[in-house]
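See below for the structure under consideration.
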Amino acid sequence: MKIEEGNLITQLRKKNEKALDYVIDYYGWIIKSIVFKHLYNLKSVQDECINDILLGIWNNIGSFDENKSEFKNWVAGIAKFKSIDYKRKYLKGLAYENIDDLDISVEDTTYEALIKNELSDDINEMLNCLNEKDKDLFYKLYVEEKEINNVSEETGLKRDVIYNRLSRGKKKIQKLFNFAESRGL
């Protein structure tokens, strides 16, 4: 069966490997450009990240809804969030390395600072659509990785209120992200 834009989603859901080849051929440029944008200074993990993005598309095609967004926007979203995850993993790996094994130089510190700044810029860009209180919640829970109970104690908000704010915030971010992607921004 010939894979085309019209039967791509159906064939991906049927786990037709030719459909994944079609994704690579016609949407690979989107994936690569997003990965290179976010991981331009981590060349050693770019290929691995691209493979994880393709695996994510393959495994999660069931959650794609044609009525909510275009396939290319969905692919771009997976690529962006996987790239950000790879940056986080890299930064966590730096935090847990044995100091005796490190060759400390000025260049290494600059490199780490550059990656942290880039990640911080990406996070701030995503959270700009939220009010300050919601930004603070997202930052504490997803960047600082604090427990929900600790955040509840710090902010004085009940867990249910925090979950509601997070849910609304995620919807705002997703809506903005889908809008920006559809405009080619």
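Rounded to a whole number, what % of the accessible area of region 1-82 do carbon and sulfur atoms account for, probe 1.4 Å? Mind showing how you got there, number by number?
On the way: 2430 of 4710 Å².
The computed percentage sits at 52.
Once you place label points 7 Å from the Cα toward the Cβ at ASP47 and TRP29, how far apart are they in nm?
Each label point lies 7 Å from its Cα, and together they span 2.3 nm.
List the relative contact order of region 1-89 as a percent without decimals, with contacts defined as Cα pairs under 8 Å and 6+ residues apart.
34 percent
Given a cut-off of 31 Å, name the pairs among LYS89/LYS133; LYS15/LYS37; LYS15/LYS92 whose C-alpha atoms lie farther apart than that in the structure shown.
LYS15/LYS92
Of the listed peptides 23-33, 63-73, what is their order by residue-averaged count of other C-beta atoms within 10 Å, with the highest listed first?
Working: 23-33: 15.7, 63-73: 12.5.
In descending order of packing, they fall as 23-33, 63-73.
Please report the net charge: other residues with Cβ closer than 14 Å to the Cβ of TYR163, K and R +1, D and E -1.
Its environment carries a net charge of +4.
Please give the length that would be gained between LYS158 and ARG88 if that part of the chain were fully extended, namely 0.36 nm times their separation in residues minus their C-alpha to C-alpha distance (nm, one decimal).
Working: separation 70, 0.36 × 70 = 25.20 nm, distance 2.84 nm.
So the chain would gain 22.4 nm between LYS158 and ARG88.
Calculate, in nm to one decimal, what LYS37 and LYS175 gain on full extension: separation in residues at 0.36 nm each, minus their alpha carbon distance.
Gain on extension, LYS37 to LYS175, equals 47.5 nm.
The values are calculated or read from the model by the stated rules, or taken from the named source; none is laboratory data. Since the structure is predicted, the reported quantities are computational estimates derived from the model, not experimental observations. With ideal geometry, Cβ positions are generated from the backbone for all residues, glycine too; neighbour counts draw on all protein chains shown. SASA here: full protein model, heavy atoms, side chains in, ligands and nucleic acids out. Shrake-Rupley method; radii C 1.70, N 1.55, O 1.52, S 1.80 Å.
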